[in-house]
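A.B. asks: Would you mind keeping the following structure in view while I ask a few things?
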Amino acid sequence: MKKVYLETFGCQMNVSDSERVASVLESDGFEITQNEATADVILFNTCSVRERAEHKLYTRVGQIRNSEREKPVIGVLGCVAQLEGETLFSKSKGIDFVLGTKAVGRISKIVNKVFEGEENISDLGEREEFYNWSVSPTQQHSPFVSFVPIIEGCNKFCTYCIVPFSRGREKSLPADLIIAEVQRLKDSGIREVHLIGQNVNSYRPKSDQGMEKFNGATPFSRLLRAVAATGIDRIKFTTSFPRDFHEDIVDAINEFENLCNWVHLPVQSGSNRILKLMRRGHTIDSYLRKIDKIKSSARDISLTTDIIIGFPGETVEDFEDTVKLYEYCKYDTAYIFKYSPRPGTPAFEMSDDVSPGEKTRRFLELEKVQKPLLRDSLNKCVGKILEVLVEKESVKISSELSGHSTCHKVVNFSGDKELLGKIVNVKITESKSNTLFGEIV
Ligand code: SF4
């Protein structure tokens with residue numbers, strides 16, 4: 001039995017794709033191993049959103065190529081594979097095949113072809129019609145939490161982003177398929193599903209089969225209600241696109257307790273001028289109307305975002321607008337990135353005119369705003385009782401368990417590992433750095 005080692009870079013879509021790749025390989029007779037040294041096949045599921053992630057691929061292939069070990073088959077999957085195609089064979093010697101983002105269902109066929117002696121194979125083709133997207137229980141990233149893709153690709157073409165080129169146009173999965181999958185996961189013991197996609201709230205299936213019974217302002221809010229009606233314990237969803245974020249999503253969260261009280265709504269900049277250059281399709285006013293609706297919920301919805309610092313043309317005033325926006329929204333936390341140009345995007349043609357030093361200065365200034373707000377958002381949980389899904393034993397202390405609250409905060413507490421997979425009430429006693437600590441009540 002050939003052994004396959006799979007390494008994943010990037011976002012949860014990639015983690016989710018890797019689960020499917022491993023499931024396909026496993027059902028075709030390969031063994032998935034965590035031991036790279038003894039693997040016959042090494043696969044890299046790649047990310048091209050940032051330059052660093054792409055370089056990591058070349059470094060890793062070089063490490064294997066220069067090691068003493070017998071050369072394994074090396075395959076590149078994901079966004080870098082889709083964008084670079086056959087050029088990868090000359091860019092990084094030692095790669096045997098590249099497989100695009102939609103071709104993952106054909107992974108076993110390609111690996112077998114390499115073992116039969118075929119060289120430099122590239123498949124960047126479309127998804128097969130009957131692609132089995134269920135993940136085998138042995139290949140899930142967690143025994144209690146599952147990713148369920150609901151929409152693939154992106155039509156938004158933000159000027160800095162490579163995703164529409166690497167993942168193609170938006171394609172929504174049929175609602176009845178999604179609901180059946182959530183039901184299957186629930187029946188198999190999964191406690192929490194994450195509905196995932198580049199823009200989940202742009203969900204537009206061809207038919208409303210599966211959601212007919214549910215009223216809602218948008219297909220996504222109807223889908224949320226239909227998924228909630230399966231009775232699965234917890235539902236989270238990421239990522240939301242501000243322009244398509246309808247207030248009815250908040251109404252759905254208010255109606256169904258199993259829709260978790262966490263919204264990730266990337267704003268990217270607090271300046272209308274920069275948002276226009278980024279081609280985000282929303283303004284600060286329209287964004288803030290959505291934030292106000294989220295904040296008005298009695299569910300105390302946790303709010304997180306993504307921000308890019310130093311986009312081409314960003315002046316000190318534009319940056320100060322981002323600081324003001326952050327202070328107004330009081331995000332629970334944010335992923336803050338320094339802008340780096342990606343070849344193939346419209347922004348790559350713009351002058352990257354904010355110096356690296358100035359990007360760092362702005363980054364640190366925004367971090368100074370972020371840290372106390374993160375602290376406040378954790379401190380306000382102290383004394384409260386939060387529902388926590390017990391996901392794993394803590395990495396640092398063996399008697400400690402770790403999980404997430406419904407508002408997606410990490411909570412550590414003492415307990416027996418028999419509690420793994422259960423949802424428990426934890427009284428929060430302390431907060432340290434990014435984590436809450438408490439005791440079971
Ligand atoms: S919405 Fe914009 S940032 Fe998000 S994936 Fe699409 S193009 Fe990229």
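So that you can scan it fast, the table gives a plain yes or no per residue for (1) touching a helix residue (DSSP H, G or I) at 6+ places or on another chain (Cβ under 8 Å); (2) within 16 Å of the ligand (Cβ to nearest atom):
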{"site": "ILE232", "(1), (2)": "yes, no"}
{"site": "PHE237", "(1), (2)": "yes, yes"}
{"site": "ASN254", "(1), (2)": "no, no"}
{"site": "LYS293", "(1), (2)": "yes, no"}
{"site": "LEU303", "(1), (2)": "yes, no"}
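A.B. asks: While we're here: Any residue in region 177-204 that's under 14 Å from SER142 (Cα atoms): show its pairings with residues that are within 16 Å of the ligand (Cβ to nearest atom) and modelled with pLDDT of 95 or more at Cβ separation under 7 Å, as long as the two are six or more apart or on different chains.
C.D. replies: These pairs meet every condition: HIS194/PHE237; HIS194/THR238.
A.B. asks: Still on this model: Counting only residues that are open to solvent by 10 Å² or more (accessible area, probe 1.4 Å) and touching a strand residue (DSSP E or B) at 6+ places or on another chain (Cβ under 7 Å), give me the strands (runs of 3 or more DSSP E) lying completely in region 1-116 with at least 2 of them.
C.D. replies: 3-8
A.B. asks: Further, regarding this structure: Looking only at region 151-161, count how many residues are open to solvent by less than 10 Å² (accessible area, probe 1.4 Å) and touching a Ser or Thr at 6+ places or on another chain (Cβ under 8 Å).
C.D. replies: Number of matching residues: 2.
A.B. asks: Taking region 353-384, which residues are exposed (fewer than 15 other Cβ atoms within 10 Å of the Cβ) and hydrophobic (A, V, I, L, M, F, W, C)?
C.D. replies: Result: LEU364, VAL382.
A.B. asks: Criterion first (out of contact with any Asp or Glu (no Cβ under 6 Å at 6 or more places or on another chain), closer than 26 Å to ILE162 by Cα and of a type outside the set (A, V, I, L, M, F, W, C)) does SER67 satisfy it?
C.D. replies: Answer is no for this residue.
A.B. asks: Does at least one position in region 134-150 carry a residue that is open to solvent by less than 40 Å² (accessible area, probe 1.4 Å), part of a helix (DSSP H, G or I) and over 26 Å from ASN261 (Cβ atoms)?
C.D. replies: Within region 134-150, one or more residues are open to solvent by less than 40 Å² (accessible area, probe 1.4 Å), part of a helix (DSSP H, G or I) and over 26 Å from ASN261 (Cβ atoms).
A.B. asks: Next up: Would you confirm, using the coordinates I've provided, whether ILE196 is in contact with a Phe, Trp or Tyr (Cβ under 6 Å, 6 or more places away or on another chain), of a type in the set (A, V, I, L, M, F, W, C), closer than 26 Å to GLY78 by Cα and within 16 Å of the ligand (Cβ to nearest atom)? Break it down stepwise before answering.
C.D. replies: Numbers: in contact with a Phe, Trp or Tyr (Cβ under 6 Å, 6 or more places away or on another chain): yes; of a type in the set (A, V, I, L, M, F, W, C): yes; closer than 26 Å to GLY78 by Cα: yes; within 16 Å of the ligand (Cβ to nearest atom): yes.
Yes.
A.B. asks: Please indicate, with yes or no, whether at least one residue in region 137-160 is free of Cβ contacts under 8 Å to residues at least 24 places away in the same chain and either out of contact with any Pro (no Cβ under 7 Å at 6 or more places or on another chain) or outside the structural domain of LYS186 (by TED's automatic domain parsing) (or both).
C.D. replies: There is no residue in region 137-160 that is free of Cβ contacts under 8 Å to residues at least 24 places away in the same chain and either out of contact with any Pro (no Cβ under 7 Å at 6 or more places or on another chain) or outside the structural domain of LYS186 (by TED's automatic domain parsing) (or both).
A.B. asks: Which condition does HIS408 not pass, out of (1) outside the structural domain of CYS161 (by TED's automatic domain parsing); (2) more than 30 Å from GLY168 (Cβ to Cβ); (3) surrounded by 14 or more Cβ atoms within 10 Å (Cβ to Cβ), if it passes all the others?
C.D. replies: All conditions pass for HIS408, except number (2).
A.B. asks: Being in a helix (DSSP H, G or I) and either outside the structural domain of ARG184 (by TED's automatic domain parsing) or open to solvent by 10 Å² or more (accessible area, probe 1.4 Å) (or both) is the requirement here; does ASN254 meet it?
C.D. replies: So ASN254 fits the description; yes.
A.B. asks: Can you tell me which residue among PRO164, PRO149 is over 19 Å from TYR5 (Cβ atoms), within 16 Å of the ligand (Cβ to nearest atom) and in contact with a strand residue (DSSP E or B) (Cβ under 6 Å, 6 or more places away or on another chain)?
C.D. replies: PRO149
A.B. asks: Which of (1) surrounded by fewer than 19 Cβ atoms within 10 Å (Cβ to Cβ); (2) within 16 Å of the ligand (Cβ to nearest atom) does LYS206 not meet, given it meets every other one?
C.D. replies: (2)
A.B. asks: Looking for whichever is within 27 Å of ILE423 (Cα to Cα) and away from the ligand (no atom under 16 Å from the Cβ) here; the options are ALA103, ALA180. Which one fits? Please lay out each step first, then the result.
C.D. replies: Working: ALA103 fails: within 27 Å of ILE423 (Cα to Cα).
Among ALA103, ALA180, only ALA180 is within 27 Å of ILE423 (Cα to Cα) and away from the ligand (no atom under 16 Å from the Cβ).
The values are calculated or read from the model by the stated rules, or taken from the named source; none is laboratory data. Computed from a predicted model, the values in this text were never measured in an experiment. Positions of Cβ are backbone-derived with ideal geometry, glycine not excepted, and every protein chain shown enters the neighbour counts. Ligands, DNA and RNA are stripped out before the accessible areas are found, and what is left, the full protein with its side chains, is counted by its heavy atoms. Shrake-Rupley method; radii C 1.70, N 1.55, O 1.52, S 1.80 Å.
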